[in-house]
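First comes the structure, then the notes that go with it.
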Amino acid sequence: QNLGDLAATISSLVKTILHTDIVEFYTYDPADELLKRVNGHGLTSTGQVVRPLGKGLVGMAAKDRMILTTEYFNRKHIDDAPPPDTNRRLCMAAPILFEQQILGVIAIGEPEVSNGTEKDMLSIVAQIAGVVLYHQSFLIRARRNADTDVLTGLHNRRYFYRMSRSFVEKATQEKTPISILLIDLDHFKHYNDTNGHDEGDRLLIEFGGLLRGCMPEAAGVARYGGEEFIVMLP
């Protein structure tokens with residue numbers, strides 16, 4: 001489930017199969033239509049390499065959903081002025097797709113020895129990467145949903161128990177105290193019975209938002225159950 005590990009594994013596989021020292025692995029962010037390069041350490045906010053969708057060899061491979069070579073790309077854009085933005089180190093780029101949904105791009109440099117099968121082999125690796133990336137995102141969403149209270153959006157009791165172990169370990173190592181707040185909304189049953197369950201839900205949602213908003217980033221905030229909330233503070 002680690003994006004950096006996935007990028008490193010795919011890059012190693014491509015280098016071994018296609019005999020190239022240059023492999024670039026990108027994931028697609030539909031929110032800003034950018035392809036973001038991932039290295040063996042994952043995505044980094046500082047010095048992040050990004051390629052706009054439809055720009056350059058990498059961006060065009062993603063937009064057209066087809067494998068592109070530098071030779072084909074340059075021929076297609078021979079009359080463009082200014083010249084298209086492309087990476088001269090690369091010779092081929094393949095889109096990573098799952099059910100026609102663009103997930104990323106794998107781009108490679110010139111192979112040391114060419115046998116004419118590079119395009120087919122890169123296509124196979126890109127297909128494998130597509131399945132892995134899709135299932136990775138599915139697992140991450142599933143874990144996030146399993147750890148989240150559906151009504152308030154706060155963490156649930158299950159996550160809180162797991163998170164509290166790391167809090168305690170850190171506090172033990174650093175010999176620092178921990179604060180725990182147990183919060184119960186008084187007369188909630190009466191409020192619920194008087195105003196209806198929809199109003200009761202709205203109250204829980206609003207209170208959960210207020211609680212999260214007034215706590216520091218390092219705090220662990222969860223809905224403990226019903227009208228009960230719990231907070232752990234370093």
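The values are calculated or read from the model by the stated rules, or taken from the named source; none is laboratory data. A quick note: this is a predicted structure, and the numbers were derived from the prediction, not measured. Positions of Cβ are generated from backbone atoms using ideal geometry, with glycine treated the same way; all protein chains shown enter the neighbour counts. Note: accessible area is taken over every heavy atom of the protein model, side chains too, but ligands, DNA and RNA are not part of it. Shrake-Rupley method; radii C 1.70, N 1.55, O 1.52, S 1.80 Å.
If a residue counts only when it is out of contact with any Gly (no Cβ under 6 Å at 6 or more places or on another chain) and open to solvent by 80 Å² or more (accessible area, probe 1.4 Å), which strands (runs of 3 or more DSSP E) contained entirely in the range 73-191 have at least 2 such residues?
The qualifying strands (runs of 3 or more DSSP E) are 179-184.
Considering only the range 1-37, state which residues are part of a strand (DSSP E or B), open to solvent by 10 Å² or more (accessible area, probe 1.4 Å) and charged (D, E, K, R).
Start the filter on the range 1-37 by keeping residues that are part of a strand (DSSP E or B), which leaves 23-29, 34-37.
Filter again for open to solvent by 10 Å² or more (accessible area, probe 1.4 Å), leaving 23, 27-29, 34, 36-37.
Selection gives D29, K36, R37.
Which pairs turn up if I take residues in the range 54-76 that are under 16 Å from I96 (Cβ atoms) and look for partners that are β-branched (V, I, T) with beta carbon separation below 7 Å, at least 6 apart in sequence or on another chain?
From the range 54-76, the pairs are L57/T70; L57/T86; V58/V105; A61/I67; A61/V105; A62/I102; A62/V105; R65/I102.
Those residues that are farther than 19 Å from T27 by Cβ and free of Cβ contacts under 8 Å to residues at least 12 places away in the same chain, I need them from the range 143-159; list them, please.
Passing the criteria: N145, T148, V150.
In the range 181-227, how many are touching a helix residue (DSSP H, G or I) at 6+ places or on another chain (Cβ under 9 Å) and hydroxyl-bearing (S, T, Y)?
Total meeting the criteria: 2.
Quick one: count up the residues across the range 127-138 that are touching a helix residue (DSSP H, G or I) at 6+ places or on another chain (Cβ under 9 Å) and among the hydrophobic types (A, V, I, L, M, F, W, C).
Here is the first cut: in the range 127-138, the ones touching a helix residue (DSSP H, G or I) at 6+ places or on another chain (Cβ under 9 Å) are 128-129, 132-133, 136.
With among the hydrophobic types (A, V, I, L, M, F, W, C) added as a condition, the list becomes 128-129, 132-133.
Qualifying residue count, the range 127-138: 4.
Could you please give the count of residues in the range 95-143 that are in contact with a Lys or Arg (Cβ under 8 Å, 6 or more places away or on another chain) and small (G, A, S)?
The total comes to 1.
So I102 clears everything in (1) closer than 30 Å to F73 by Cα; (2) of a type in the set (A, V, I, L, M, F, W, C); (3) over 24 Å from the mean Cα position of the chain (by Cα) except one condition, right? Which one?
For I102, the failing item is (3).
In this structure, does E110 turn out to be of a type outside the set (V, I, T), modelled with pLDDT of 85 or more and at positive phi? Walk me through it before giving the result.
Details: of a type outside the set (V, I, T): yes; modelled with pLDDT of 85 or more: yes; at positive phi: no.
No.
What number of residues within the range 192-206 are more than 14 Å from E227 (Cβ to Cβ) and either surrounded by 10 or more Cβ atoms within 10 Å (Cβ to Cβ) or of a type in the set (A, V, I, L, M) (or both)?
First, pick out the residues of the range 192-206 that are more than 14 Å from E227 (Cβ to Cβ): 194, 196, 198.
The next check asks that each one be either surrounded by 10 or more Cβ atoms within 10 Å (Cβ to Cβ) or of a type in the set (A, V, I, L, M) (or both); those that pass are 194, 196.
Qualifying residue count, the range 192-206: 2.
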